[in-house]
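Colleague: Please see the structure below; I have some questions.
Throughout, read-outs are computed from the coordinates displayed, never taken from laboratory work. Please read these numbers as outputs of a predicted model, since none were measured by experiment. Cβ placement follows ideal geometry from the backbone for every residue including glycine, while neighbour counts extend to all protein chains displayed.
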Amino acid sequence: MSALLSVRGLGKRFGGLTALDNVSFDVDAGQIVGVMGANGAGKTTLFSLIAGNTRPSAGRIEFDGMPIVGLRPDQICRLGVARTFQIVKPFPSLTVLENLRTGAMFGRAQLRRVADADAASRRVLEDVGLEDVADRPASALTLSGQKRLEIARCVATGAQLLLLDEVMAGLTPTEVAQMLATLRRLQQSRGLTLLVIEHVMRALMELCGRIVVLHHGELIAEGSPAEIGDNAKVLSVYFGAHA
Ligand SMILES: Nc1ncnc2c1ncn2[C@@H]1O[C@H](COP(=O)(O)OP(=O)(O)OP(=O)(O)O)[C@@H](O)[C@H]1O
Ligand SMILES: [Mg+2]
């Protein structure tokens, strides 16, 4: 079986700065893959390239066997890829439900009748635990609620692959545990594939079947959580040379 997402020799330069250099990895359908790396490692840049917000300087990206470099973000979204942003940006004056509507109507799901889009969106809100606040303004949500809303917006587009950029950052340990349960539920009940950037290392270790580690734009390790936890390069990057 070929991979759902395939990244080959991906590179991105911003002027003289190399944000990503020759990065290659695959994500199979239904997997949860973690992306680890220190600040500035190139994690968000990787997502921007996959989602079509930025064009790579080198390399190829295939989604479901189709080359997607050069497509616009809305075209990539309609193929089934949706991302969250590190800085959450809901439409604050719209209700939580309304924040999902556009994605459901014009994303991969293409539910052009508002009633259909809203019905599907309510089911998504149930899956992420926001059903009770569906009709409240997005601005009324807590940080944890806003992170859930970002995820819900991605799911509502009908995406198969979600790119989640630090959706657990700033959450309490209890909220992190709840978020992990939500992400697992989305994977299992909807068959979604998740690529998850996270600094909370323990959360990633618990959630992911595989983890890739970026360091200064290079992929320095890839493997199961146990392999990553044992990897000498990763330990030296995270805990210094004496680890
Ligand atoms: N649009 C841009 N223009 C110039 N430099 C950029 C741009 N976007 C990112 N960079 C640089 O590329 C490098 C990688 O940035 P990126 O945001 O991908 O890192 P990150 O791993 O997501 O970090 P963080 O954990 O802080 O979110 C950084 O040095 C950053 O300053
Ligand atoms: Mg980032």
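Colleague: Quick check on the exposure proxy: order 208, 154 from fewest to most C-beta atoms within 10 angstrom. Kindly include the intermediate steps, with their values, before the conclusion.
Modeller: On the way: 208 23, 154 27.
Listed from fewest to most nearby Cβ atoms, that is 208, 154.
Colleague: Which cross-chain or sequence-distant (5 or more) residues have an amide H under 5 Å from the amide H of residue 4, H modelled 1.01 Å from N in plane?
Modeller: Under 5 Å from the amide H of residue 4 lie the amide H atoms of 27, 28, 29, each far enough along the sequence or on another chain.
Colleague: Which whole-Hz ³J(HN,Hα) couplings does segment 168-174 yield from phi under the Karplus relation 6.51 cos²θ - 1.76 cosθ + 1.60, θ = phi - 60°, glycine and proline marked x?
Modeller: Once rounded to whole Hz, the list reads 9, 5, x, 8, 6, x, 5.
Colleague: Could you name the aspartates and glutamates in cross-link range of residue 233, using Cα to Cα under 19 Å and dropping any fewer than eight places away on the same chain?
Modeller: Candidates past the 8-residue exclusion: 21, 198, 218, 222.
Colleague: Let me ask something else about it. What is the spread of the Cα atoms of segment 44-181 along each of their three principal axes, largest first, in whole Å?
Modeller: So the extents along the principal axes, rounded to whole Å, are 44, 38, 26.
Colleague: I want to check the label-to-label distance for residue 86 and residue 184. Put each point 7 Å from Cα in the C-beta direction and report it in nm to one decimal.
Modeller: Reported label-point gap for residue 86 and residue 184 is 2.8 nm.
Colleague: Hey, for a label at residue 222 modelled as a point 7 Å past Cα toward Cβ, could you say which residues of segment 181-200 have their backbone N under 17 Å away?
Modeller: 194-197
Colleague: Can I ask one more? Quote to one decimal, in nm, the extra length available between residue 74 and residue 116 on full extension: 0.36 nm per residue of separation minus the C-alpha distance between them.
Modeller: Extending this stretch completely gives an extra 13.1 nm.
Colleague: Below 12 angstrom from the Cβ of residue 79, what's the summed charge of the other residues (Lys, Arg +1; Asp, Glu -1)?
Modeller: 0
Colleague: Here's another thing I want to ask about it. Gain in length, residue 38 to residue 18, computed as 0.36 nm per residue apart minus the alpha-carbon separation, to one decimal in nm?
Modeller: Numbers: separation 20, 0.36 × 20 = 7.20 nm, distance 1.52 nm.
Full-extension gain reported as 5.7 nm.
Colleague: So for segment 31-105, what are the equivalent ellipsoid semi-axes in whole Å, largest first, each being the square root of 5 times an eigenvalue of the Cα gyration tensor?
Modeller: The equivalent ellipsoid of segment 31-105 has semi-axes of 24, 18, 12 Å.
Colleague: At what distance in nm do the modelled label points of residue 126 and residue 232 sit from each other, each positioned 7 Å from its Cα along Cα→Cβ?
Modeller: 5.3 nm
Colleague: Related question: With θ set to phi - 60°, apply the Karplus curve 6.51 cos²θ - 1.76 cosθ + 1.60 along segment 138-146 and write out the HN-Hα couplings as whole Hz, x wherever there is a Gly or Pro.
Modeller: Values per residue, Gly and Pro as x: 4, 5, 7, 6, 6, 4, 4, x, 5 Hz.
Colleague: Which lysines have a Cα less than 21 Å from the Cα of residue 12, not counting those fewer than 8 places away in the same chain?
Modeller: Excluding near neighbours in sequence, the set is 43.
Colleague: Report the full-extension gain for the segment residue 102 to residue 28: residue separation times 0.36 nm, less the Cα-Cα distance, to one decimal in nm.
Modeller: Computed gain between residue 102 and residue 28 is 23.8 nm.
Colleague: Could you give the spread of the C-alpha atoms of the chain along their three principal axes, from largest to smallest, in whole angstroms?
Modeller: Taking max minus min along each principal axis of the Cα atoms, the chain gives 55, 40, 37 Å.
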